[in-house]
Structure formats: C-alpha cells, structure tokens
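These notes are about the structure you will find just below.
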Amino acid sequence: MSNNTPVISIRGLSTHFGDHIIHNRLDLDIFKGEIFGIVGGSGAGKSVLLRAILGLTTIKHGTITILGKDAGSLQKIMKNQLQKHWGVLFQGGALFSSLTVGENIQVPMRDMENMPKDVAREMSLIKLKMVGLNEEDFHKYPSELSGGMVKRVALARALAVDPEILFLDEPTAGLDPISAAAFDELILTLRANLNLTVVMVTHDLDSIKRLCDRLAVLVDKQAVVGTLKELIQDDHPWLHEYFHGPRGLVALSELKE
Amino acid sequence: MMEKKALDKPKIEILSQKDRVIFKPYGLWVARTIRDVEQTCDEILEKTYPKFLIFDLSKLEGFDTAGIWLLQRTIKKFEDMNYKVELLNASDSFLNLSAQLNLYKPSFEKVPVQRSFFEDRLVNIGIATKNLFDLTVNLIVFLGEIAVGSFDVLKNPRRLRMISIFFHLEKFGLNAVMIISVIAGALGLVLAFQGEEQLRRFGAEIYTINLVSISVVREVGILITGILVAGRTGSAITAEIGLMKINQEVDALNTFGLNPMEILIVPRILALIFIMPILAFISDIMGLLGGGIMVLISLDVSPKLYIYRIGEAITMGSFWVGIIKAPFFGAIIGIVSCFEGMQVQGKAESMRTCTTRSVVESIFLVTLADALLSVFFTKIGI
C-alpha cells in the first residue's frame, strides 16, 4: 500500500499550550494511500496535532512537510497552495450556517477552483448523493439537519474538489453504530476509488479496526506508530490499557489470537 | 515548468479513420482544470462525425470525479444524438469511479423548487406575524416566571444570590463607568457649545448654564446612560444567556431542580436596577463637568459662578426626576435582554437575531419610557 515518499512528514514537532507542553519532539510519517489513525487519551493532543498539520496552531519547534512542500503555518500553506490538496472534516462539521447545503459544498468548487456554475451544481449534487444524502436536502440550511447529516454534508464539502489528503476529526463520534459503519464503508470506497490518503483522529475502536492501515498513539508527548497488530503487542501501560481494556477486548477480540 | 503546464492542460486529439472517429483525451481532467475540460467537451460536441465514436483514454494523465463526470456527460450527449460510443484503454480505477458516479447520478427534478421572490415575501410576512404572536405569549410567560422567581427569593431571602449580584454589579457598573463618563462629558460639552452659539444672538448667553444643567440632569444624562447600558450590557447579557442555552447549561440547571430564573435572571435584573441610578448620577456629574469646561472657556465665568448658577437653575425635583427614571430603565434593559437571551434556540443564527432584537428593543423601550415619564413629571409639575 505505502511507497517510500511520505505525504506528510513531521520532524521534531513541539507544541505547547501556555506552560503546558503537548508534543515534545514528535516525529511522524504518513504515506500515500494509507488510512492513518491518530489515537490517544483525552488531552493527549490529537486535535492539536491535526491543527498543527493544518496550520491552525502555531508550532514551537520542528518542521511539517506536506506533499514535499513546507507547511506548519497558514502563510507557508497558502504560499505553497497546499489547501487545494486537502479536505477537512471538522468535529462539529463547521458548516457555514448562513449557506444552504448545496452552497456549502460549492464553496470549495466555486471559490477555490473557479468551477463554472452549472458544473459546480451538478458536482455538488453528486457529492451529496455520494455521502448518502439526496436531492431533497439540497436547499436545506445546516440548522435543519441532524447531527449525522451535518457530518455527511461536511464530508461532501471536504471531498468537493477531490483532495489528495482527507483529514477527519472524530468522524464517527456522535453517530449511531449503523451510520458509523456506513461511514466507515464510505471512507473505504472513496479511498479505493479516489486514491485518497486519509488522516483520522478517532476514539472509535471499531472504526480503527475496519479502516486504519497504521496508527499513531499519542502517549508521553510522543507518537508510537505501528499497525494495529503491532500496537496490540506493545507493552506500554497506556497502550495496554487502551487495547486490552474492557472495550478494547470486545472490539478487537478476533485480532488478538 | 512551462512545458509541464502545457502537458497538464486538458485537450482532446481527434483521429479520423474511415468509418469512425477516435477521441484521445490528454492531460489532467480534474477540478482545477475543469473550465478547460468543459470548453474542450463543448468544442467536440459541436461538430458532426461518422456513426462510430471511440474514446481512447490511454493518454489521460489524471482524472477525478469532476473530470469523469464531464466525460460521461459528453458521452451521454453523443449517445443521445444517436452515435455509437465505445471506451478504450480505460483503467480500472477509471471504470470503478465512473461506475460509482453512475450510482450517484443527480436528478435535478428531485431538487425541491425554491420559492419565487413574491412567494418568499409572503411567507416571510406570515412567519413574522406568527413570531410576533409567539413572542408576545412568551414575554407574558417570562414576566410571570420572573414574578414567581422574585417572589420565591423574597419569601426566602437566603436564596438571593448575593455573590452573583455583586459580580454583576462590577461587570455592569464599575466596568461601564469609563465609557459613560467620556460620552456624557462630551455630550455636555457639545450641548454647551451649541446652546451658547444660539443664545448669544439674544444676548442671553449666560442662560447656557441653565440650558446645559437642566437638560443634562433631567434628560440627557439618564437617557444616554440607558442607551449605553442597553447597547453594552444588554447585548452582553443576551449573548451570555443565549450561549448558556445553546450549551444546554439552562437545561442542566432545570434537571438539578434549580430555577434558572432565580439563578440567572433575577440577579442580573436586580444588579441592573441597583446600578443604573449610580451610573445616571455619574453621567449627570460628567455632563455638567463637560458643559462647565465649555462655559468656562467661552463665557468667561468663574467656576464658582458656574456652580452657583447651576444651583439656581436646577431644583432638587429636577435632579430626582432624572435619577428616578434610572431603576425603571435598568428593569427594562434587564428584562428585555434576559428575555431575548432565553429565546435563543439550538443554533447560532438565533443568537444573532436575539442579540439584535435585544438591543433594538431595549433602546426603543428606554426611549419610550423616558418620553412617557417626562410628560408625566411635567404634568404633575416637578
């Protein structure tokens, strides 16, 4: 699955929150075509790591390279036009509340890529159906949608211009198990067909088992990276608790033999 | 770099054979180049060809859903024109993706039709009328709840949240002193300046002092305080309580069996009622001070004379007429802004409308109350 050039490469990343150090000299490589999970306890800095990659948090030390180009701050990202290569699904959806569903999906198409109006309209409908919604939702406002629908619209918006990298922040949180499973399948289909690299922050062990090729577990301000099988064998106390705790046992039972 | 750009640019090479035409798409067919893709597709659609068409995709460098969609659309259009179309050298991922796209083909008839401009206006009028009715009912309910909440507190004064009241006294009062002083001072200054200019024509410029002191003490001081507090504190209260509603903090209080009226609303309204007279007094003093500065500069009177003339111009009655309005204004602002805060529902948009409404309604009601009270006090001869 992975070849040797990393899509995202993080070297010596340190971030802090006031006096509180969140990451200390963290290294991470994410390769093309893989679904990469970021897990960790509450407050371990999963979302901060994602925000650092997206240039939304100032980083103290270290370098972040995306698609071979320098990133790490919004200025560098804009200079290298990196925002055109990724789509982001924020935890709460972050849909623009003053725009309809259709207009939300068209924002990246019209404003970033200057797509003609009729094509953008057709494409936005296709993306909407791709994430499992239908035409009737096209003119609805975000305030009229349920939580699961908001996530789906946000995913459609993240996929609007076929990004190479898709960032998902807790995509299945707040979804019922059936929707969450459907969401997992959707991500797999999209990855298979669109040649996506997916970076996801998640807590959902079922999702991790179904989707992730490799994982980074954030413990002790560092990232422990490996496949799920490797990490289950790891004897770090937090990792052990995470994968062998009561919830881990159920979700991962067949992997443990 | 330029060469690469040229390669990326989507185009179609047309090879004519005896009974067929082969289209060879080149370059990147992606969202980024979609304008060129559409143009290319439109160009080939304009001409006429033999019956048999072949799309040879061997030279296609890159594609995404947008590119495939346009290619599919073009092929569909050809087929509708009774051409026979065949795909050649399509990669697996191309076929997969285009099969996927076929599943998600949009049907525009199913998109609900948006209302016309006229219908939209009509519906808006209906919604506004219904909202007005609902709002009135809600306001009556809210006033009732405040009454019940206050009564509970009165029955059992230990349930009065003193800490909360003092906290809000500081936030609404102390922190507003600076801005109110500056604006009241400036208003006094302007009033004196303009008044003196007009009164000088009659040689009555010394009455500028009467003009300034009476208008500041009776009207301007308290009115500007009311408007400033409505804008500054009223909007803050609405936003704060609205956020608590969105955050479900109000629901949480209810589940604990605690009355949000008692905990959130009553302390804020009481704090405003207490603090408004003090702010009004400060505003009066600053207005007189501002007027005084102007008078001293342009009328050549001594400070002592200025103070003496003020004492002659305003009676204790005039002073109290101004101050007595303050608690009413405080109550109006408190009730309106808390009420609008509690009207916030679910999502962020309602916060916007409620905050706007809160400020507009408080200022409107404060001005209205001021007018009514002024007429009343004049009629009874104070």
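Values computed for the structure shown
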read-out: Any chance A:Gly226 is over 30 Å from B:Ala90 (Cα atoms), surrounded by fewer than 20 Cβ atoms within 10 Å (Cβ to Cβ) and within 16 Å of the chain's Cα centre (by Cα); value: no
read-out: Any chance A:Ile187 is under 18 Å from A:Lys129 (Cβ atoms) and β-branched (Val, Ile, Thr); value: yes
read-out: Qualifying position, being touching an Asp or Glu at 6+ places or on another chain (Cβ under 9 Å) and either under 30 Å from B:Asp19 (Cβ atoms) or more than 14 Å from every other protein chain (Cβ to nearest Cβ) (or both), among B:Leu135, B:Leu143, B:Leu88, B:Leu139; value: B:Leu88
read-out: Pair list, Cβ under 6 Å, 6 or more apart: region A:195-218 residue small (Gly, Ala, Ser), other residue modelled with pLDDT under 90 and in a helix (DSSP H, G or I); value: A:Ser207/A:Asp184
read-out: In region A:138-150, residue surrounded by the fewest Cβ atoms within 10 Å (Cβ to Cβ) [restricted to those that are more than 9 Å from chain B (Cβ to nearest Cβ) and assigned to a helix (DSSP H, G or I)]; value: A:Glu144
read-out: Failed condition for B:Gly195, given (1) touching a residue at least 24 places away in the same chain (Cβ under 8 Å); (2) in the same structural domain as B:Ile275 (by TED's automatic domain parsing); value: (1)
read-out: Any hit, region B:178-196, residues being within 21 Å of B:Leu279 (Cβ to Cβ) and of a type in the set (Asp, Glu); value: no
read-out: The listed residue being modelled with pLDDT under 90 and charged (D, E, K, R), out of B:Asp300, B:Asp284; value: B:Asp300
read-out: Helices (runs of 4 or more DSSP H) contained entirely in region B:185-291, each with at least 2 residues that are under 30 Å from B:Glu145 (Cα atoms); value: B:221-229, B:235-246, B:249-255
read-out: Residue match in region A:155-178 (condition: of a type outside the set (Lys, Arg), at the interface with chain B (Cβ under 8 Å from one of its Cβ atoms), part of a helix (DSSP H, G or I) and under 27 Å from A:Lys32 (Cβ atoms)); value: no
read-out: Residue within region B:96-117 that is more than 14 Å from chain A (Cβ to nearest Cβ), closer than 20 Å to A:Thr100 by Cα, loosely packed, with under 11 Cβ neighbours inside 10 Å and not charged (D, E, K, R) present; value: yes
read-out: Test: residue in region A:190-211 that is exposed (fewer than 15 other Cβ atoms within 10 Å of the Cβ) and within 23 Å of A:Gly102 (Cβ to Cβ); value: no
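The values are calculated or read from the model by the stated rules, or taken from the named source; none is laboratory data. Keep in mind it's a predicted model, so treat the numbers as computed, not measured. A quick note on method: Cβ atoms are made from the backbone with ideal geometry, for glycine too, and the neighbour counts reach across all protein chains shown.
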